[in-house]
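The values are calculated or read from the model by the stated rules, or taken from the named source; none is laboratory data. Bear in mind the structure is a predicted one, so any value in this text is a computation, not a measurement. Glycine gets a Cβ as well: all are built from the backbone with ideal geometry, and neighbour counts include every protein chain shown.
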Amino acid sequence: MSKVKRKRLDVRRKGGVLGVIFLTLLLGPALAACAGTGEGVLSDPRTMTFAPVEFSPPDPERVVLDNGMVVYLLEDHELPLVTVTATMRTGSWLDPADKVGLAAITGGGMRTGGGGNLSAEEVDGELEQFAGDINIHIGRESGTASLDVLSKDLKRGLHIFSALIRTPTFDSTRVELAKLQVIEGIRRRQDHAGSIVGREFFKVLYGADHPSARQSTIESVSRITREDLIAFHRDTIYPNGMIVGVTGDFEKEDMLAALRGVFGDWKEGDVPKLNIADVPESDAMKSSVWFIDKATTQTHLRVGHLSIKEQDPDYVPLAIANDILGGSSFRSRIFNDVRTKRGLAYSVGSRLMAGAHDQGVWLAKAETKSASTQEVIERFIANIERMRSELVDDAELAEAKEAYVNSFVFSFASPSAVVRRLIELEYDGLPKDFLQQLREKVVKLTKEDILEAAKKHLHPDRLKIIAVGSGKTLPVALETFGDVKEIKLMPEGNP
């Protein structure tokens, strides 16, 4: 390891220690609240109570450049490090139907293919010299780029960072290598039952051609050319579609001057509007049962349906309902019923995934023996029905609320986390105090609120059930829940 890299690693290690000290000081009052009132004797841990952690995160400064680029700045001079992030309004939701995978390969090519007046090899060499780290990725709903650098090397780091974002070269050799790597991953896609069940479950929920579920294929990736990457970048990435966050060891005016120097002459453009269509209600309301025949020692199971978005008024009561039902692992009803009481599964639980742009998903999942597949699904349904028909008890509600409220601080555990949260909220069109609003709603939540949300948004009659396992026994185990259809896995070979 080079001296420069060792130095940077030492700085990061110190940062980790300081982070622990920061949280210790922050949580000190709450920890002190657990001390007993006796002389040097702590209370019985089963009876301890804690005051909710009160925390007001720092407020970064928000600046808009002349070309529409939004910048959040939060100084932190503890360590000689600077982190710059960029969130870009692009994503695989823009992939052409016959070239799924284009956005992801474009993001990778922006990082690895050179930029500005630097070749791919020169970019890698320069970053190696001053231990800079740049990453660029384009996912379904957004693109992200990040720069981590020592503050003394910020000027050079920003120059490379901006060049890769603004004028990527897309070296043809690197592009072809990236395509080969993606294709090799596709060829191995059918190897793991856990990834198969998750992937196919989302296809059943949204439809195989929906942006939230579609998958690249060898054929779609093979069609992608360097010219496609250039066009995708040109048509989707503009300064007025970017939100930049800067944290670390810098002075505000110097940083703004540096950002204007590398981004200020970049002209704004027609930014794509993020719009992912909902699944037709007639399809979302239908229940269905599916199985995939694969030689495995267990059944890999998903049970669920489409749900609400994060900005829905019922998001908070439904999130707490899910926490009690299956989201809180060892505390949850599903875990205690299926694993602890009946010993039917080692891995079991539920999850509410509520985004801001596409429909959310509620699901329960488990890995269980083939012989117990039917019973596990029955227990899932029984626990859903119970959540819809009975008030949760006081202890369940108190534990779930306390867990959420006291975990709130960890959303703001560092300056970069604070800035990242604000960028995410602005990108999603949510108010900057959205998380604080959620916390306040949780504090005021009642058992009646949870029951009403569960009745409204948990639907045992709309469940999509999909199981991966032995085709000899699965269809029989599943037919109790409806007509069973098979999804046949096609071998991923040469195009």
Flagged in segment 131-150 as in a strand (DSSP E or B) and either at positive phi or among the acidic types (Asp, Glu) (or both), in numbering order, are ASP133, ASP148
Within the bounds of segment 321-334, is there any residue that is at pLDDT below 95, of a type in the set (Lys, Arg) and either more than 30 Å from MET88 (Cβ to Cβ) or not assigned by TED's automatic domain parsing to the domain that holds ASP235 (or both)?
yes
For residues that are at pLDDT below 95 and farther than 27 Å from LEU435 by Cβ, scanning just segment 346-368, find the one that is surrounded by the most Cβ atoms within 10 Å (Cβ to Cβ).
SER347
Of the conditions (1) in contact with a strand residue (DSSP E or B) (Cβ under 8 Å, 6 or more places away or on another chain); (2) part of a helix (DSSP H, G or I); (3) of a type in the set (Ser, Thr, Tyr), the single one that THR247 does not satisfy is (2)
Being in the same structural domain as HIS459 (by TED's automatic domain parsing) and either surrounded by fewer than 17 Cβ atoms within 10 Å (Cβ to Cβ) or among the hydroxyl-bearing types (Ser, Thr, Tyr) (or both), is that true of even one residue in segment 243-250?
no
Inspect segment 101-119 for any residue being surrounded by fewer than 22 Cβ atoms within 10 Å (Cβ to Cβ), assigned to a strand (DSSP E or B) and either touching a residue at least 60 places away in the same chain (Cβ under 8 Å) or of a type outside the set (Gly, Ala, Ser) (or both) and give the result as yes or no.
yes
Answer yes or no: is there a residue in segment 205-217 that is touching a residue at least 12 places away in the same chain (Cβ under 8 Å), closer than 18 Å to ARG111 by Cα and over 19 Å from the mean Cα position of the chain (by Cα).
no
Which of the residues belonging to segment 151-176 are part of a loop (DSSP other than H, G, I, E, B) and of a type in the set (Val, Ile, Thr)?
THR167, THR169
Of the numbered conditions (1) touching a helix residue (DSSP H, G or I) at 6+ places or on another chain (Cβ under 6 Å); (2) surrounded by fewer than 17 Cβ atoms within 10 Å (Cβ to Cβ); (3) of a type in the set (D, E, K, R), ARG439 satisfies every one except a single condition; which is it?
(2)
Out of all the residues in segment 183-204, which are closer than 20 Å to LYS485 by Cα and without any contact (Cβ under 8 Å) to a residue 40 or more places away in the chain?
SER195, ARG199, LYS203
Selection within segment 150-159 - touching a strand residue (DSSP E or B) at 6+ places or on another chain (Cβ under 6 Å) and crowded, with 18+ Cβ neighbours inside 10 Å
LEU154, GLY157
Just give me the residues in segment 463-477 being touching a helix residue (DSSP H, G or I) at 6+ places or on another chain (Cβ under 7 Å) and not β-branched (Val, Ile, Thr), in sequence order.
LYS464, ALA467, GLY469, SER470, LEU474, ALA477
Members of segment 128-149 that are crowded, with 19+ Cβ neighbours inside 10 Å and of a type outside the set (D, E, K, R):
ALA131, GLY132, ILE134, ILE136, ILE138, SER142, GLY143, ALA145, LEU147, VAL149
Selection from segment 290-304 of residues surrounded by 22 or more Cβ atoms within 10 Å (Cβ to Cβ) and farther than 23 Å from TYR404 by Cβ yields TRP290, PHE291, THR299, HIS300, LEU301, ARG302, VAL303
Can you tell me which residues in segment 257-275 are outside any helix (DSSP H, G or I) and either within 13 Å of MET69 (Cα to Cα) or out of contact with any Gly (no Cβ under 8 Å at 6 or more places or on another chain) (or both)?
GLY264, ASP265, TRP266, LYS267, GLU268, GLY269, ASP270, VAL271, LYS273, ASN275
Does segment 455-465 contain any residue that is basic (Lys, Arg), in a loop (DSSP other than H, G, I, E, B) and within 22 Å of GLN311 (Cβ to Cβ)?
no
Subset tally (residues that are touching a residue at least 24 places away in the same chain (Cβ under 8 Å) and either basic (Lys, Arg) or in a loop (DSSP other than H, G, I, E, B) (or both)) for segment 84-100:
8
In segment 377-429, what residues are surrounded by fewer than 20 Cβ atoms within 10 Å (Cβ to Cβ), more than 30 Å from VAL303 (Cβ to Cβ) and aliphatic (A, V, I, L, M)?
VAL409, ALA413, ALA417, LEU425
